[in-house]
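Here the structure is laid out as structure tokens; the discussion comes afterwards.
The values are calculated or read from the model by the stated rules, or taken from the named source; none is laboratory data. Treat the numbers as computed from the prediction; the structure is a model and nothing was measured. Cβ sites come from the backbone with ideal geometry, for glycine too, and all protein chains shown count toward neighbours.
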Amino acid sequence: MPHAFYDELETRDPQRREQALMAALPRQVAHARAHASAFAELLRDVTPADVASRAALAQLPVTRKHELLERQKAARGKGDVFGGFSAVGWRPRQGARRVFASPGPIYEPEGHGDDYWRAARAMHAAGFRAGDLVHNSFSYHLTPAGSMMETGALALGCTVFAGGVGNTELQVQAAADLRPHAYAGTPSFLKILLDKAGDMGVELPTLRKALLSGEAFPPSVRDWLAERGVTGYQCYATADLGLVAYETSAREGLVLDEGVIVEIVRPGTGDPVPEGEVGELVVTTLNPDYPLIRFGTGDLSAVLPGTCPTGRTNTRIRGWMGRADQTAKVRGMFVHPGQIADIARRHPEVQRARLVVSGQMANDRMTLQVEVAQQPDGLSARIADSIRDVTKLRGDVVLSAPGTLPNDGKVIEDARSYE
């Protein structure tokens, strides 16, 4: 099947891919330490050459978005808007070509390269080809989504109509005049666009494929688009990392991009979970301009077993499954997932733990549900003491067999009534 894959990397032997990633990892750690002051500090006690395995990578600290924001804020006015995480500054010496702002605000650099955000791979999997006209309705201001899709499409040899967001009637008119082959944007705006075209009596006969991101893409919306002749695929990307994973024609999860190393960790920790368990996506990018090492996305997902039926051999994930930040306020005190992990680590018998906060506001109670293979005498009381020591709150303990707790990534479940 000609042009089925974007490049030969997608069909590499998994062992060869892992060897290549682990060979690149210590170089990226060394580069980050040498050229990004935040990582010079965070990894000051790390010998880069030793970080050549996933086990070694798992020992490095996770940097989460709120920590990145705090460092950026602290560095503002001191000549480093990126908080020490970027290896590039301003042009002309290989500096950032563009700067974007995400909510916070967090500032992200766009460095060099024809496909800086690596979106072309996802577009190719969605059927985009050289010569296609792509209607790009992602935002072109502040956030990088518009640039992500435009640079990916241009790298494929496509032409781009810079639609941006809003102005629905004007965008419908442009689509009628220009006759685009493909769409890039959110699924909700594509639905709005097609609905508005119907209201206006405008046909869009050439628009037959779409790459969608930025929000959930449920099967109901996918089927609605298909009924109107548009085949849509989704991808998972962030403003910090670029493309992380993308959907294929198999529609069995999302295949990881070739330029990232992905771990799934227990929320509130940096500890990898077993394959199939839901946890937080932590990503190390091989991008030299913005060399994020173990960046916690705050998003939940899980690894799927096996490889993609299309022949792509990289790991697959289940896609976006919610947010990992499950902090709850109980009786005036904040309880964090990291505290639950700390409690579990104090008791080797505990395999998994989940805090359930129930009752009503101002009259709530905490119950720590834990999976243990054995239940020695006094274990519940010892765990209850740890709950009080770590959280400064009292909590009940319920012991259960391994495999009892739901596999949904929740470490703290807020089951209170707010009525």
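Residues that are touching a Pro at 6+ places or on another chain (Cβ under 8 Å) and among the polar types (S, T, N, Q) within the stretch 1-60 comprise just one, GLN28. Quick one: which of LEU21, LEU57, LEU25, LEU43 is farther than 19 Å from THR315 by Cβ and surrounded by 12 or more Cβ atoms within 10 Å (Cβ to Cβ)? None of the other options fit; the residue is LEU43. Restricting ARG365, ARG354 to residues that are within 30 Å of PHE217 (Cα to Cα), outside any loop (DSSP other than H, G, I, E, B) and touching a strand residue (DSSP E or B) at 6+ places or on another chain (Cβ under 9 Å) narrows the list to ARG354. A count restricted to the stretch 357-384 and to residues that are in contact (Cβ under 8 Å) with a residue 40 or more places away in the chain, surrounded by 19 or more Cβ atoms within 10 Å (Cβ to Cβ) and either at positive phi or under 30 Å from the mean Cα position of the chain (by Cα) (or both) stands at 1.
Answer with yes or no whether MET321 is within 30 Å of GLU258 (Cβ to Cβ) and touching a strand residue (DSSP E or B) at 6+ places or on another chain (Cβ under 6 Å). When the stated conditions are applied, MET321 passes them. Scanning the stretch 256-263 turns up one or more residues that are crowded, with 24+ Cβ neighbours inside 10 Å and touching a residue at least 60 places away in the same chain (Cβ under 8 Å).
Filter the stretch 205-237 down to residues that are in a strand (DSSP E or B), in contact (Cβ under 8 Å) with a residue 60 or more places away in the chain and not small (Gly, Ala, Ser) and give me whichever is farthest from PHE82 (Cα to Cα). It comes out as THR231.
Inspection of the stretch 409-416 finds a residue satisfying the criterion of being surrounded by fewer than 18 Cβ atoms within 10 Å (Cβ to Cβ) and either of a type in the set (Val, Ile, Thr) or outside any helix (DSSP H, G or I) (or both). For the stretch 135-172, residues that are over 17 Å from THR206 (Cα atoms), over 21 Å from the mean Cα position of the chain (by Cα) and in contact (Cβ under 8 Å) with a residue 40 or more places away in the chain total 2. In the stretch 14-34, the condition of being modelled with pLDDT of 95 or more and part of a loop (DSSP other than H, G, I, E, B) is met by no residue.
Please state which one of GLY214, GLY268, GLY242 is on the phi > 0 side of the Ramachandran plot and in contact with a Ser or Thr (Cβ under 7 Å, 6 or more places away or on another chain). Of GLY214, GLY268, GLY242, the one residue that is on the phi > 0 side of the Ramachandran plot and in contact with a Ser or Thr (Cβ under 7 Å, 6 or more places away or on another chain) is GLY214.
Looking only at residues in the stretch 60-76 that are in contact (Cβ under 8 Å) with a residue 60 or more places away in the chain and in a helix (DSSP H, G or I), the one that is surrounded by the fewest Cβ atoms within 10 Å (Cβ to Cβ) is LYS65.
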